[in-house]
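The structure appears right after this line, and notes come after that.
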Amino acid sequence: MSLDVLVDKVLMHPRPWILTGAGISTESGIPDFRSADGLWEKVDPIENFSTWALYNNPEGFYTHGIPLFKQVLEANPNLGHIILGELQTKRFFGPIITQNVDSLHQKGGAKWVYEIHGHLRTATCISCHKTVVTLDELFKLVEDKEIPPKCQCGGILKPDVILFGDTMPEDFQDAIRLIRSYRTTDNMIITIGSSLTVSPINTFPSEFDSLAIINKSVTILDRDAEIIIKGSAGAIMQKIRARLVELNNGEELVSLPAGFLPGRLTTIILDLWESFLTKKKTFNRGEQLNKIMADLLLVEKLFLNYPRMDKRSGIEKYMINSNLIKLQKIKNEMIEMRGNAKNTNGYMPRSINDIINSHYKALIIYTRQYNSEPEIVKELVLQIVGFIGLYKHMEILDMQEFENSFVDELYDKILKITNKYELDIDMVKALDNY
Ligand code: NAD
């Protein structure tokens, strides 16, 4: 039951963020820290895995560290990582923030990952910050009894992971900035396989309106979650995938169009309607109601005449039709209150402008990240251009002019970014991809 609710919620919130912890990798053979048989039962973390340990107890750090580092590096992604990677690539999920240092999300196919506790791909000199070696090179130095292993400048070589006592890496601030730029759009986070005991990571969910938790045992944030699914990450991800395939009429999943967000459009109406109902004392209520009705009728018109319906995947059709049903339910409640709408302008152009604007902000913030990837820049551009196409389509449906100078200016700015990154994008197709 709650799994279907979770899938419905995912489809209503375009591309929820994902936050993972050690629990998603236990099925790849890497122990977590806090389970009954977790690593902390065997090794004292501060004695052996802190910056203190690196300086004062390097023998302990490397004696306990190297077997664990090797185990992590040799591990393979499990179905949890692989399905997350697939669902991110196909635009069902958004960026992944991980506390893990095992690179298994990337090995499982995810392209957009924030490693807020670092990674074990390399080690860097903590003095000159110039020397970067692979972990194999680091192991070799330790085997040759160079403990702690050192750079030519005399500084200690430290794996690029965050130890107890370290400050957070750039990925942490990057992820926070990006989440905040998206306020008006991507407002759901799903945590998977984390006890959520580690601070400040466990503050991430408070940045979102809606939290779902997938974990084997209780977590610190269970009280704040709308949906909790108990069980193992791999099995639950398989069930989520199976449910999506079922909604796709049993066919293999294909990518959703970049500018496809029927659930978000419905949420705009739902939010307007709920706030109208709760603010009983505002004046001009009649006019307010007319505006919301105008928005609703416009979105209903879009859903009833969604372009290229015959070519759409089963899940796109499901998303359009289920949102149409939700809208019509609100419409009936509205008619009951006040009869049919008068001819008026609604809020929809402004709301979609806000969505486009927040995505543009996110794109700019993303391009400033130290490790920005052209592939993700391209994805963000495709989303914005898809939303612009949708905006223009809704203008035609509405039969009255929207305020267009903003989107036109923005389109020109986007063209500059595509040129700068030499992105290979067919803009005509991208404008149609909603
Ligand atoms: P944690 O050990 O505190 O919590 C893991 C949680 O996952 C537990 O609540 C456990 O019940 C649950 N769990 C275990 N196996 C599961 C499964 N198969 N499916 C679903 N849930 C499962 O881990 P944390 O919250 O990530 O914090 C630990 C810290 O240690 C992290 O900050 C991380 O940097 C580090 N760590 C990383 C790795 C790794 O890279 N794979 C492994 C261990 C620890």
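The values are calculated or read from the model by the stated rules, or taken from the named source; none is laboratory data. Note that the structure is a prediction, hence the values are computed from the model and not measured. Please note: Cβ atoms are built from the backbone with ideal geometry, for glycine as well, and neighbour counts cover all protein chains shown. Heads up: the accessible areas ignore ligands, DNA and RNA and are worked out on the full protein's heavy atoms, side chains in. Shrake-Rupley method; radii C 1.70, N 1.55, O 1.52, S 1.80 Å.
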| query | Which distance in nm do the two modelled labels at T134 and S206 give, with both placed 7 Å along the Cα-to-Cβ direction? | reply | 4.3 nm
| Relative to the first principal axis of the alpha-carbon coordinates of the chain, what is the inclination of helix 405-420, with its axis defined by its Cα atoms, in degrees from 0 to 90 and to the nearest 10? | 30 degrees
| request: For C125, enumerate residues with amide H under 5 Å from its amide H, sequence gap 5+ or separate chain, H modeled in the peptide plane. | output: K130, T131, K158
| field | Length gained when the stretch D412-N321 is fully extended (0.36 nm per residue, less Cα-Cα span) | value | 29.4 nm
| task | Would you compute, for the Cα atoms of the chain, the largest minus smallest coordinate along each principal axis and list the three values in descending order, in whole Å? | result | 81, 47, 46
| message | Applying a 10 Å radius around every beta-carbon, put 99-106, 67-74 in order of their mean neighbour count, most first. | response | 99-106, 67-74
| Pairs beyond 23 Å (Cα-Cα), from K70/K150; K361/K413; K111/K230; K326/K378 | K111/K230; K326/K378
| said: Over the chain, what is the relative contact order in percent, taking alpha-carbon pairs closer than 8 angstrom and at least six residues apart? | reply: 16 percent
| request: Among W17, F33, P374, pick out the residue whose Cα is farthest towards the positive end of the charge dipole of the chain, where Lys and Arg carry +1 and Asp and Glu carry -1 on C-beta, about the Cα centre. | output: W17
| query | What accessible area per residue comes out for the chain, rounded to a whole number of Å², with a 1.4 Å probe? | reply | 46 Å²
| message | So if each residue of separation counts as 0.36 nm, and I subtract the Cα-Cα distance between D310 and Q400, what length gain in nm does that give? | response | 29.7 nm
| remark: If one compares the long axis through the Cα atoms of helix 374-398 with the longest principal axis of the Cα atoms of the chain, the angle in degrees, nearest 10, works out at 10 degrees
| When ranked by the protection proxy of mean other Cβ atoms within 10 Å per residue, highest first, what sequence do the peptides 150-160, 213-223, 16-26 form? | 16-26, 213-223, 150-160
| message | What aspartates and glutamates does K329 reach when the alpha-carbon gap must be under 15 Å and sequence neighbours fewer than 8 apart in one chain are set aside? | response | D271, E274, D295, E300
| query | By how many nm would the segment from R177 to K216 grow when fully extended, if each residue of separation counts as 0.36 nm and the alpha-carbon distance is taken off? | reply | 11.0 nm
| query | By how many degrees, between 0 and 90 and to the nearest 10, does the Cα long axis of helix 348-367 differ from the longest principal axis of the chain? | reply | 20 degrees
| said: At a threshold of 8 angstrom on Cα-Cα distance, excluding pairs fewer than six apart, so keeping six or more, what relative contact order does the range 237-340 reach in percent? | reply: 40 percent
| Helix-derived mean residue ellipticity, 222 nm - over the chain, DSSP H n ≥ 4, -39500 (n - 2.57), to 500 | -16000 deg cm²/dmol
| request: With r as the distance between the Cβ atoms of N332 and D8 and R0 = 22 Å, compute the FRET efficiency 1/(1 + (r/R0)^6) and round to 0.05. | output: 0.60
| Mind listing the phi-derived Karplus ³J(HN,Hα) values for the range 56-66, rounded to whole Hz, using 6.51, -1.76 and 1.60 with θ = phi - 60°, and x for any glycine or proline? | 9, 9, x, 4, x, 4, 7, 4, 7, x, 4
| field | Packing-based ranking, highest mean first, of 266-272, 165-171, 82-88, 236-242 given that Cβ atoms within 10 Å are counted | value | 82-88, 266-272, 236-242, 165-171
